[in-house]
Amino acid sequence: MSTEPKRKFGVVVVGVGRAGSVRIRDLKDPHSSAFLNLIGYVSRRELGSLDNVRQISLEDALRSQEVDVAYICTESSSHEDYIRQFLQAGKHVLVEYPMALSFAAAQELWELAAQKDYHHTCCCAWCLLLCPLPAAVPAACCYAWCLLLCL
């Protein structure tokens, strides 16, 4: 039986602060990201390559056929806008807590995700609560499980 997944999801990390940097680190670890392929990162700042991960523009991430998933790791006030853009571009979305700053905005985003058929928004606080894997499993692996369960 092969341990290789049938398909790897192309991931872009949006934001490279503390959370984004940790996600990039985890996604680069081949043992914790069997289902995920780190394509690059998006930042408002021009940083070039970070730890051998290329910077790509938001527009390129939204258009790219290579990117299946956006992992939103920006300040909370920008989550709603990024989620909306990536869902409208047909991408799956994982987002750091909180998903939105109001219940109404979160509900609207869930409805938008539902309209996109299999493209869903998954808030990582829920991932960790619902994840079937033990807490000792690296975070990126847990998020990969969440992504697979949300599809």
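The values are calculated or read from the model by the stated rules, or taken from the named source; none is laboratory data. Just so you know, these numbers come straight off a predicted model, no measurement behind them. Cβ sites come from the backbone with ideal geometry, for glycine too, and all protein chains shown count toward neighbours. Note: accessible area is taken over every heavy atom of the protein model, side chains too, but ligands, DNA and RNA are not part of it. Shrake-Rupley method; radii C 1.70, N 1.55, O 1.52, S 1.80 Å.
Just a few scattered comments:
- Only residues that are part of a loop (DSSP other than H, G, I, E, B), open to solvent by 70 Å² or more (accessible area, probe 1.4 Å) and polar (S, T, N, Q) were counted in the stretch 45-92, giving 3.
- Test for E96: is it among the acidic types (D, E) and within 25 Å of Q115 (Cα to Cα): yes
- For the stretch 56-68, the condition holds for at least one residue, the condition being that it is within 28 Å of A114 (Cβ to Cβ), within 11 Å of the chain's Cα centre (by Cα) and at pLDDT 90 or above.
- Some residue of the stretch 115-125 being modelled with pLDDT under 90, open to solvent by 30 Å² or more (accessible area, probe 1.4 Å), in a helix (DSSP H, G or I) and within 23 Å of R18 (Cα to Cα): yes
- Cross-chain or 6+ apart pairs with Cβ under 6 Å, the stretch 86-114 first and touching a residue at least 12 places away in the same chain (Cβ under 8 Å), then assigned to a helix (DSSP H, G or I) and open to solvent by 30 Å² or more (accessible area, probe 1.4 Å): A89/L62; E96/A19; Y97/A125; P98/S76; A100/E80; A105/E80
- So L47, is it at negative phi, hydrophobic (A, V, I, L, M, F, W, C) and modelled with pLDDT under 90: yes
- Scanning the stretch 25-44 for residues that are in a loop (DSSP other than H, G, I, E, B) and touching a residue at least 12 places away in the same chain (Cβ under 8 Å), we see that the one that is surrounded by the most Cβ atoms within 10 Å (Cβ to Cβ) is S33.
- Of the set (1) aromatic (F, W, Y); (2) within 17 Å of V13 (Cα to Cα); (3) open to solvent by 30 Å² or more (accessible area, probe 1.4 Å); (4) at pLDDT 80 or above, all apply to F103 but (2).
- Conditions (1) among the polar types (S, T, N, Q); (2) at pLDDT 90 or above; (3) under 20 Å from H92 (Cβ atoms); number of the one not met by S33: (2)
- Residue that is touching a helix residue (DSSP H, G or I) at 6+ places or on another chain (Cβ under 6 Å) and under 23 Å from Q88 (Cα atoms), where the choices are V13, V69: V13
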